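Trainee: This is the structure, below, for whatever I ask next.
All of the numbers you see were taken from the coordinates with simple rules; none came from a lab. In this text the structure is predicted, and so the values were computed from the model without any measurement. Neighbour counts run over all protein chains shown; Cβ positions are idealised from the backbone, glycine included.
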Amino acid sequence: MGIIPKALAKVDIIEKIVREELQVFTMSKGMNAIFDHADTFIALPGGLVTLEEIFYIFFWAQLNIHKKPIGLLTVNGFYDNLLSFLDQTVEHNLLTSST
């Protein structure tokens with residue numbers, strides 16, 4: 001399943017790679033749809049929207065809203081600095097290491 005923003009829904013390549021399409025009109029509806037339909041979360045390298053999604057999912061795990069696996073696909077070390085930052089927050093007791 002793919003969660004596709006309405007603006008991208010007519011792009012031909014989406015029809016070739018996504019079996020099921022769910023159109024959303026806002027970021028919050030997109031996050032809720034992702035959460036409701038996912039068994040696990042894997043973040044590919046991306047920009048600010050990807051970071052926002054990652055932290056929403058991490059935050060929900062910290063609040064025990066879910067216990068679904070979370071992964072970062074760190075191609076060529078893409079997420080290495082983010083992982084170092086998260087390790088530092090754990091060291092300073094700002095984040096628990098259970099997530």
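Trainee: Sorted from fewest to most neighbouring beta carbons within 10 Å, what does the list Tyr56, Tyr79 look like?
Mentor: Least to most surrounded, the residues fall as Tyr56, Tyr79.
Trainee: Taking amide H positions as placed in the peptide plane 1.01 Å from N, state which residues far from Phe41 in sequence (5 or more) or on other chains have amide H under 5 Å from it.
Mentor: Ile70, Gly71
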